[in-house]
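Okay, so here's the structure we're looking at.
The values are calculated or read from the model by the stated rules, or taken from the named source; none is laboratory data. Please read all numbers here as calculations on a predicted model, not as lab measurements. Cβ coordinates were reconstructed from backbone atoms using ideal geometry, including for glycine residues, and neighbour counts include every protein chain displayed. What goes into the accessible areas is simple: the full protein's heavy atoms, side chains included, and nothing from ligands, DNA or RNA. Shrake-Rupley method; radii C 1.70, N 1.55, O 1.52, S 1.80 Å.
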Amino acid sequence: MLPFTTLKTRTDGNVLHVTISHPPLNLIGPAFVSDLVDLIKLIDDGKTPPVIVFDSDVPDFFLSHVDVGKIAEYRHEAARLTGEPSLGLLLRRLSETRAVTIALIDGRTRGAGSEFALACDMRFATREGAIFGQMEASLGVVPGAGAVQHLSRMIGRGRTMEVVLGSVDFNAATAERYGWVNRALPRADIRAFVDALAHRIGGYPKAGLMEVKDRINAMTLSSADEFRVDSDMFSAGVKRPETQARIAFLSERGLQTRGRTELDYASAILEFGGTSA
Amino acid sequence: MLPFTTLKTRTDGNVLHVTISHPPLNLIGPAFVSDLVDLIKLIDDGKTPPVIVFDSDVPDFFLSHVDVGKIAEYRHEAARLTGEPSLGLLLRRLSETRAVTIALIDGRTRGAGSEFALACDMRFATREGAIFGQMEASLGVVPGAGAVQHLSRMIGRGRTMEVVLGSVDFNAATAERYGWVNRALPRADIRAFVDALAHRIGGYPKAGLMEVKDRINAMTLSSADEFRVDSDMFSAGVKRPETQARIAFLSERGLQTRGRTELDYASAILEFGGTSA
Amino acid sequence: MLPFTTLKTRTDGNVLHVTISHPPLNLIGPAFVSDLVDLIKLIDDGKTPPVIVFDSDVPDFFLSHVDVGKIAEYRHEAARLTGEPSLGLLLRRLSETRAVTIALIDGRTRGAGSEFALACDMRFATREGAIFGQMEASLGVVPGAGAVQHLSRMIGRGRTMEVVLGSVDFNAATAERYGWVNRALPRADIRAFVDALAHRIGGYPKAGLMEVKDRINAMTLSSADEFRVDSDMFSAGVKRPETQARIAFLSERGLQTRGRTELDYASAILEFGGTSA
């Protein structure tokens, strides 16, 4: 494998384990995006096994939101693969990549981190530790990297409104009930379950797997244009003063560090005292 | 607020509480539709808080079906907003209105009452009292105001067939399992849950909320043409003799009064002795 | 009724009970497809009651997969109705047929058998005995008769990926949670539940039922072109050497007989020792 800086890889037969390892928070910044671009290239060049399992070795976090101070930089990295500076289009490319992708989620995943999980082909979450959130609306912007596209189709209008407008955290049990994840499993069991599924699929003929993936994507993956609209709205929205004020407020309270603001985002944002205008 | 005749309103910070209060049954007739038209105008003129919570103060009923004796009249009222005499198009306008709408459902909601709840952005239902039904097929007609559009997308082909063809009542637990409502909650907890969510959303930047709503609607709200087809089919179908025969039968048994027919519609319609032709 | 060879029929008022009875496994071969073509013709000619309930009297099996040795033959039979040799297009025709169709599933249903169940308007499954599987990917091909179309819309991208790529068996509880079936019910209760629903619907005006079905289909049934793509990909894929090698392996182990391979397919396919290429 290439020398990734935020990912650890381990090949086990037909399965590639990719562990996101970018302490302290697994933030999505240029380093992670650069690694993701390289990984997708490897996959599509046939240089990896046919099944990829993503997990994290950073406690409490599967994959965080984007690094709000480096939006231009990570978008620049994304453009290396797609030609366009958009994380949403990159994650859409991940959904189309030539391997079966499984997210094994233990810990928080919010914003674009959650959108990464949504871009994977399947999601399995620990009952004890997985926490999901799309918190963009609490900052005044739309999710920029596919959450509306995926959730609208998977969990329907009402629940997508609650998830995205509410911007609160969801535990694994609720995420399973809503259809946001495939299954919520006890931490003691999830690794064996996911590994068995991954190895099983890895033993099936690859041409057929890719045909299946293409047919399901044809039915379920929104067009690049739809992803582009969200991406552009996010990019424009994040510059608005009411959004910048909230980011500044949260940054003073420890956003992007291992503190209460990241551990309990839904409570932290409520403490913002500005107006809603 | 305007002097509504079927709605009581109360503003609490960024949240407008709208209580449907049109005894004895909260029937959807010209008075309610007129009020709804006026409310949507207020919302879209920015004269209300950004979050609206709908509930009812009529025991056993959240919002009933349409007044079968005043179909022309309420459709006429609906046209004041949309230019077309269609409740379905009016409810579709509600789904697009410039506020976040939440239905807090305790009691029965059937037919177009259920379609009103479906047109809201989110639905929370009491485990003890909420009852849902699309009973149009039992009368020989299609739901006219969006039920097929919303349910097909939210709960899928099989369950929509069961709900609409079966015309039976569903309790909150089943409605939650099917994805018809966001959540079923104990009556003791639902008010605090909904209020907390509403106030939370009300504190977020409004421009972002409306962008999110628009993006989700773009993915999940059927076109006006689809709503129009349903509306026209309902309007034509309700005139057929087999439908009129059933309405006449039920009217003799207390339809649109606080009796057994409205409390247990699914049993009442089974007693119709005519043919199915 | 016509003299079916694989179906037993019994009329009970407004309900036609159709029992699939094609021992030892209720395989989908030319005999079953021929009967299905004739049944759909009867339905669409108005020669049956308006509600059809499908069940099986073969122990352990509702409806098996296709007879892998008679693909050309059953496709030829399907063309009698649709003009095209495709089981997928025939099952899509079943979804549009002029009666309400309900599958009462007790036992295994995999591959095209599951796709038959998916083509029905509703699915009710016994908690004790119903088992669902789309095992095509384990053989290297896409499901050819609508599974991707129906599941993508009903259970979403992530769970459809798991179901189809994983090719494992799902019990009724999981199928209910995923939205694959309407409800999982105890074997002791399911007959009464389904009969009550069927007779209820059978007593409603038929014109309205068919309008409802048409409107729901307009929202939820993929186009004939989409079914045709899957059908053609299955037909081409099944000829590939890696698929033929797996079918040969399984056939040696008792595929299409009442043995361990059919009872526990997911374990049997894991024993294939060939490569995944």
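Report the local net charge at B:Leu165: Lys and Arg +1, Asp and Glu -1, summed over other residues whose C-beta lies under 13 Å from its C-beta.
Values: positive: B:Arg157, B:Arg159, C:Arg200, C:Lys206, C:Lys213, C:Arg215; negative: B:Glu136, B:Glu162, C:Asp121, C:Glu211, C:Asp214.
Charge balance near B:Leu165 sits at +1.
How are the C-alpha pair distances of the protein assembly as shown spread across 20 Å bins, as whole percents from the shortest bin up?
With 20 Å bins starting at 0, P(r) equals 16, 47, 33, 5.
Can you tell which of B:Phe234, B:Phe124, B:Phe116 shows the greatest fluctuation in a Gaussian network model of chain B with Cα springs below 10 Å?
B:Phe234
What is the helix-to-structure angle for B:187-202, meaning the angle in degrees between its Cα long axis and the longest Cα principal axis of chain B, kept from 0 to 90 and rounded to the nearest 10?
50
In whole percent, how big is the carbon plus sulfur part of the accessible area of the stretch A:97-203, probe 1.4 Å, protein atoms only? Let's see the in-between values first.
Numbers: 1020 of 1980 Å².
Of all accessible area on the stretch A:97-203, carbon and sulfur atoms account for 52 percent.
For every helix of n ≥ 4 consecutive DSSP H residues, a contribution of -39,500 (n - 2.57) applies; sum these over the protein assembly as shown, divide by its total residues, and give [θ] at 222 nm rounded to the nearest 500 deg cm²/dmol.
-15500 deg cm²/dmol
For chain A, take the longest principal axis of its alpha carbons; what is the angle in degrees between that and the long axis of helix A:30-44, to the nearest 10 within 0 to 90?
The two axes meet at around 30 degrees.
Would you kindly work out, in nm and rounded to one decimal, the distances from the label point of B:Lys47 to those of the same position in each other copy, ordered shortest first, with label points 7 Å along Cα-to-Cβ?
Going from nearest to farthest copy, the values are 6.5, 6.5 nm.
Of C:Ala99, C:Ala266, C:Ala196, which has the largest mean-square fluctuation in a 10 Å C-alpha GNM of chain C?
Top of the fluctuation ranking is C:Ala196.
Pull up the DSSP beta bridges for chain A and report the antiparallel fraction as a percent, rounded to 5. Write out the running numbers ahead of the final one.
Values: 8 of 31 bridges.
The antiparallel proportion sits near 25 percent.
Using the heavy atoms of the protein chains alone and a 1.4 angstrom probe, what is the accessible area of chain A per residue in square angstrom? Don't jump to the answer; show the numbers that get you there.
Values: 8610 Å² over 277 residues.
About 31 Å² of surface per residue is accessible.
Kindly express, to the nearest 10 degrees and within the range 0 to 90, the angle between helix B:71-82's C-alpha long axis and the longest C-alpha principal axis of chain B.
Roughly 30 degrees, rounded to the nearest 10.
Cross-link candidates for A:Lys70: which lysines have Cα within less than 28 Å, leaving aside residues fewer than 8 places away along the same chain?
Answer for A:Lys70, where 28 Å is the Cα cut-off: A:Lys8, A:Lys41, A:Lys239, B:Lys206, B:Lys213, listed by chain and number.
Relative contact order of the stretch B:1-139, please, whole-number percent, based on alpha carbon pairs below 8 angstrom and at least 6 residues apart. List each step's numbers first, then the result.
Numbers: 285 pairs, mean separation 32.1, N = 139.
Relative contact order here is 23 percent.
Is the shape of the stretch C:80-207 rounded, prolate or oblate, going by the alpha carbon gyration tensor and its root eigenvalues a ≥ b ≥ c, with a/c under 1.5 for rounded and a/b larger than b/c for prolate? Intermediate values should be presented prior to the final figure.
Details: a/c = 2.07, a/b = 1.17, b/c = 1.77.
Verdict is oblate for the stretch C:80-207.
Net charge near B:Leu263: determine it from the other residues with C-beta under 12 Å of the C-beta of B:Leu263, scoring Lys and Arg +1 and Asp and Glu -1.
On the way: positive: B:Arg108, B:Arg110, B:Arg253, B:Arg258, B:Arg260; negative: B:Asp60, B:Asp169, B:Glu262, B:Asp264.
Here the count lands on +1.
Please give the Cα centre distance for the stretch C:102-177 versus the stretch A:1-69, rounded to the nearest Å.
32
Which one, A:His22, C:Leu250, A:Asn171, projects farthest toward the positive side of the charge dipole computed for the protein assembly as shown from Cβ point charges (K/R +1, D/E -1)?
The Cα lying farthest towards the positive end belongs to A:Asn171.
Quick one: Debye curve from the alpha-carbon atoms of the stretch B:1-118 only, equal weights, vacuum; give me log10 I(q)/I(0) at q = 0.15, 0.16, 0.19 Å⁻¹ to two decimals.
Log-scaled intensity ratios, in q order: -0.59, -0.68, -0.99.
Please report the buried accessible area for the interface of C with B, total over both chains, probe 1.4 Å, in Å² to the nearest 100. List each step's numbers first, then the result.
Values: alone 11660 and 11680 Å², together 20310 Å².
Chain pair C/B: roughly 3000 Å² of buried accessible area.
Select from the stretch C:115-135 all residues whose loss of accessible area on going from the chain by itself to the full protein assembly reaches 10 Å² or more (probe 1.4 Å).
Output list: C:Asp121, C:Met122.
I need the semi-axes of the equivalent ellipsoid of the stretch B:108-159: take the C-alpha gyration tensor, multiply each eigenvalue by 5, square-root it, list largest first in whole angstrom. Mind showing how you got there, number by number?
Details: eigenvalues 61, 38, 23 Å².
Rounded to whole Å, the semi-axes are 17, 14, 11.
Could you give the semi-axes, largest first, of the ellipsoid that matches chain B, computed as the square roots of 5 times the alpha carbon gyration tensor eigenvalues and rounded to whole Å?
Values: eigenvalues 164, 79, 67 Å².
Taking √(5λ) for each Cα gyration eigenvalue gives 29, 20, 18 Å.
Net charge near A:Ala31, counting Lys/Arg +1 and Asp/Glu -1 over other residues with Cβ under 12 Å of its Cβ?
Details: positive: A:Lys70; negative: A:Asp35, A:Asp38, A:Asp67, A:Glu73, A:Glu77.
Net charge in that neighbourhood comes out at -4.
Run the numbers on the stretch A:193-239: which residues show a drop of 50 Å² or more in accessible area, chain on its own versus all protein chains together, using a 1.4 Å probe over heavy atoms?
Residues passing the criterion (a loss of at least 50 Å², heavy atoms only) are A:Arg200, A:Tyr204, A:Pro205, A:Glu211, A:Val212, A:Arg215, A:Ile216, A:Met219, A:Thr220, A:Met233.
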